[in-house]
Amino acid sequence: MPTLHIILGPTAVGKSDYAVAEALRVGSPVVSCDSRQFYREMRIGTARPSEAQLAAVRHYFIADRSVTQPCSAGAFELEALALLEELFKEHDTVVMAGGSGLYIDALCKGLDDFPEADPALRAELSQRLRDEGVAALRTELRILDPESYASIDPANGQRIVRALEVTIATGRKYSDWKTHPSRERPFTIVKTGLTRPRPELYARIDARVVQMMEEGLLDEARALLPYRSLPALNTVGYRELFDYFDGAYDLAEAIRLIQRNTRHYAKKQLTYWARDPEIKWIELPSPSSLA
């Protein structure tokens, strides 16, 4: 049976370097599993693999669509499975790299069979989120679906909107849809998690934000300002600069917030994966290039 080797870990840990080296070792391309590196317009802020890394081995799902063409976890599951079916005809092992836990889970286990989105209801709830704040929607969710209320991050307004949307549209609690068993895959899955000591990881994050600014993240974010309402742009690094453009704070504060929020995101990634006993964790040696 062919093997999918997934290289995962928090942002800035060094996944790209490690994945390219592993791909060269086994003669594999790299399949990206990063929910933001899909988008052509988001080069700097998503820490896309370097030109040298992209030239070293073939990469898939990197800059292959516009921010106006969203790729959900469910869509990624279908596209990635179709791609892997083709790649396994030529490769016994395929390397995948990414930090998007939901997308990795979608590919490995499948997603719950949620109903299609109701655009009108979602728009109404999203407007309420902006007007009333997340606390009001959480109060409604607590009444309609206590299980989802208890499990969803209180700061994740989009997840709360989705839970309410499904519950209201179907008359069935969002939490009740999350029941199907993992789907069988026609390949073996090996997961390698990369870590570093927390102070070193945070120092790498801070340094990479400075590097991004030097490479032109400010101009990239300014060019994307007309698309700020799209899901792809609800991303650390862009959100803070959009607020800077609005005059919410100065540029130095925007950079500080990007660094802080990226550190928080890395911590959430590690917390998310801590529940997965299939991951073999490796602490990387120092120093290593940012990736």
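The values are calculated or read from the model by the stated rules, or taken from the named source; none is laboratory data. The model shown is predicted, which means the values in this text are computed figures rather than measured ones. All Cβ positions, even for glycine, are placed from backbone atoms using ideal geometry, and neighbour counts span all protein chains on display.
Values as computed for the structure displayed
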read-out	value
All positions within region 20-42 that are in a helix (DSSP H, G or I) and within 24 Å of Gln269 (Cα to Cα)	Val20, Ala21, Glu22, Ala23
Conditions (1) buried (at least 18 other Cβ atoms within 10 Å of the Cβ); (2) small (Gly, Ala, Ser); (3) within 22 Å of Glu278 (Cβ to Cβ): number failed by Gly157	(3)
Members of region 43-66 that are in a loop (DSSP other than H, G, I, E, B) and buried (at least 18 other Cβ atoms within 10 Å of the Cβ)	Ile44, Gly45, Thr46, Ala47, Arg48, Pro49, Val57, Phe61, Ile62, Ala63
Candidates Arg36, Arg40 - the one that is surrounded by fewer than 19 Cβ atoms within 10 Å (Cβ to Cβ) and either free of Cβ contacts under 8 Å to residues at least 12 places away in the same chain or over 22 Å from Pro186 (Cβ atoms) (or both)	Arg40
Residue match in region 164-178 (condition: among the aromatic types (Phe, Trp, Tyr), over 20 Å from the mean Cα position of the chain (by Cα) and in a helix (DSSP H, G or I))	yes
Failed item in (1) buried (at least 18 other Cβ atoms within 10 Å of the Cβ); (2) of a type in the set (Ser, Thr, Tyr); (3) in contact with a Lys or Arg (Cβ under 8 Å, 6 or more places away or on another chain), with Ser175 passing the rest	(3)
Residue within region 180-203 that is closer than 20 Å to Ser72 by Cβ and without any contact (Cβ under 8 Å) to a residue 12 or more places away in the chain present	no
Tabulated pairs, region 239-268, first in contact (Cβ under 8 Å) with a residue 40 or more places away in the chain, second charged (D, E, K, R), C-beta under 6 angstrom, 6+ apart or interchain	Ile258/Glu240; Gln259/Asp206
Those residues of region 96-134 which are among the small types (Gly, Ala, Ser) and in contact with a Ser or Thr (Cβ under 8 Å, 6 or more places away or on another chain), in sequence order	Ala97, Gly98, Gly99, Ser100, Gly110
Test: residue in region 237-248 that is closer than 12 Å to Thr11 by Cβ, surrounded by 14 or more Cβ atoms within 10 Å (Cβ to Cβ), assigned by TED's automatic domain parsing to the domain that holds Leu201 and at pLDDT 95 or above	yes
Verdict on Asp145 being more than 21 Å from the chain's Cα centre (by Cα), over 26 Å from Val20 (Cβ atoms) and surrounded by 13 or more Cβ atoms within 10 Å (Cβ to Cβ)	yes
Val94 being in a strand (DSSP E or B) and crowded, with 22+ Cβ neighbours inside 10 Å	yes
Meets criteria (on the phi > 0 side of the Ramachandran plot and touching an Asp or Glu at 6+ places or on another chain (Cβ under 8 Å)) for Gly110	yes
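Conditions (1) outside the structural domain of Leu81 (by TED's automatic domain parsing); (2) touching a Phe, Trp or Tyr at 6+ places or on another chain (Cβ under 9 Å); (3) outside any helix (DSSP H, G or I); (4) within 19 Å of Trp177 (Cβ to Cβ), marked per residue:
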site	(1), (2), (3), (4)
Leu102	no, yes, no, yes
Ala106	no, yes, no, yes
Ala136	yes, no, no, no
Leu141	yes, yes, no, yes
Ala155	yes, no, yes, no
Gln158	yes, no, no, yes
